[in-house]
Amino acid sequence: MHIVDFVSGSFAGACGVAVGYPLDTVKVRIQTQRQFTGIWQCVAATFSKEGVHGFFKGMTLPLVTISMTSSVVFGTYRNCLQCLSQARGAGYGPNTKLDVFLSGMTAGVAQTSVMSPGDIVKVRLQCQTASKRGGTSTPKPKYRGPVHCLLSIVKEEGLRGLYRGALPLMLRDTASYATYFLTYATLCEWLTDSGKDKPSWRGVMLAGGLAGIVGWTLATPMDVIKARLQMDGALEKRRYKGFFHCIAETVRSEGAGVFFKSLGINWLRAFPVNMVVFVTYEALTKFLRDGTR
């Protein structure tokens, strides 16, 4: 079993969170709140009302949970590749593109159960626009922090509340991780010089960044539905009866284009985040494997 990949994936995920969290906050707010009409308007309004802190709301718990989910993703992916290779028997050469696609899909499914509780806490804290800096006349934030938010959801909605939006989350990640790893593997193959088995670090950075963009292009529509279901009923009366009703109501009231409203910021965020993720993962994996020989 490839234990090293679980460790490397964990550190890579934490680095990715640190790089991309401010833009992730902007993305979630654009997806769930009509008061924000675009990227720059959301950035300006958030900074004016909440300061720099507003972009990092709820970061503590995701830093832990995304480290765990990234560990699950990379560890599952690598071990699934090994299992598929062993299933074919000796002499069948390296893993095929289909192996990579199926392993990425499996990794996306595996991380859903770990990710869902931390993700709903992240989204709710990111969408909490009330500022603690306000005076006595201004409304105070509903959630005081990640732990208070987590406990409040369990108290008000039960344990099932922590998994609201789990279906679109799973649909998002199965498709996106399958194409994510397939894109990365394909680009690394193209960028590897003749006679070498891996691309240069610049090649890894480019492949990782572009893989992130491709993955989020597929993930964005389900990401919108996920965020809306997670926020539904948190700050106002519940609007959606379920997954399909959320899709129908969103299209009816805002048009199909709303599913790609946050695509631009997802692209802007995906490249640097996944560039850092793959560079960290590859460098740490190499270091740990060399150290254990």
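The values are calculated or read from the model by the stated rules, or taken from the named source; none is laboratory data. Just so you know, these numbers come straight off a predicted model, no measurement behind them. No Cβ is skipped: glycine too gets one built from the backbone with ideal geometry, and neighbour counts run over all protein chains shown.
Observations on the model:
- Residues within the stretch 36-52 that are touching a residue at least 40 places away in the same chain (Cβ under 8 Å) and either at negative phi or of a type in the set (A, V, I, L, M) (or both), tallied: 4
- Residue within the stretch 39-58 that is within 21 Å of the chain's Cα centre (by Cα), surrounded by 18 or more Cβ atoms within 10 Å (Cβ to Cβ) and within 16 Å of residue 118 (Cα to Cα) present: yes
- Any chance residue 198 is modelled with pLDDT under 90 and in contact with a Cys (Cβ under 9 Å, 6 or more places away or on another chain): yes
- Of the residues making up the stretch 238-266, those that are part of a helix (DSSP H, G or I) and either exposed (fewer than 15 other Cβ atoms within 10 Å of the Cβ) or in contact with an Asp or Glu (Cβ under 7 Å, 6 or more places away or on another chain) (or both) are 244, 245, 248, 249, 251, 252, 253, 254, 256, 257, 260, 264.
- Considering each residue of the stretch 1-20 in turn, at least one proves to be among the acidic types (Asp, Glu) and crowded, with 23+ Cβ neighbours inside 10 Å.
- A residue that is part of a loop (DSSP other than H, G, I, E, B), out of contact with any His (no Cβ under 6 Å at 6 or more places or on another chain) and crowded, with 20+ Cβ neighbours inside 10 Å can be found somewhere in the stretch 220-237.
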